[in-house]
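Please treat every number below as a calculation from the coordinates, not as lab data. Predicted model, so just to flag it, every value in this text is computed and none were measured. Counting neighbours? That spans all protein chains shown, and the Cβs are built from the backbone with ideal geometry, glycine included.
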Amino acid sequence: MTQAFVIDYRRGPAWLDRKSVFEQPLQGHLAYMRTLQGQGTLVLGGPFLDDTGGLIVVKAEGVAQAEALMRADPAVQEGVMVAEAHPWKLMAGSL
């Protein structure tokens with residue numbers, strides 16, 4: 001059964017100090033987000049404006065799939081960001 005997951009991204013060990021989120025090497029991450037959006041997996045997402053990371057909401061069949069999506073992100077693989085996936089119950093709005 002498809003459910004929503006929040007993936008919370010935070011600065012990783014390869015984050016460039018004194019650089020904003022918009023100056024980080026995130027080209028692979030952005031391409032991956034466009035792929036997930038094209039597949040209908042990515043519901044919404046974006047960076048935090050305090051340069052601490054970002055957040056996305058994805059649709060997945062379970063925790064294992066959500067964590068696999070998270071681990072496949074180039075930003076996570078390259079250490080620019082670390083991430084955690086959490087199951088999420090949408091109480092207002094729609095997916």
* Asked: Given a Förster distance of 30 angstrom, what is the FRET efficiency for residue 1 paired with residue 22, based on the Cβ-Cβ distance and rounded to 0.05?
  -> 0.25
* Structure fact -> The helix 27-39 Cα axis meets the longest alpha-carbon principal axis of the chain at an angle in degrees, between 0 and 90 and rounded to 10, of 10
* Structure fact -> Nearest-0.05 FRET efficiency for residue 71 and residue 91 at R0 = 25 Å, using Cβ-Cβ distance, is 0.35
* Could you calculate the FRET efficiency of residue 78 with residue 8 from 1/(1 + (r/R0)^6), where r is the beta carbon distance between them and R0 is 22 Å, rounded to 0.05? => 0.80
* Asked: If exposed trypsin sites (Lys or Arg not before Pro) are those in a DSSP loop with at most 14 other Cβ within 10 Å, what is the longest stretch of the chain that has none?
  -> 20-88
* Asked: What is the gain in length, in nm to one decimal, between residue 39 and residue 64 on full extension, counting 0.36 nm per residue of separation less the C-alpha to C-alpha distance?
  -> 7.2 nm
* Whole-Hz Karplus ³J(HN,Hα) for the range 68-85, in order, using 6.51 cos²θ - 1.76 cosθ + 1.60 and θ = phi - 60°, x for Gly and Pro? -> 5, 4, 5, 5, 7, 5, x, 5, 6, 4, 8, x, 5, 9, 10, 9, 9, 9
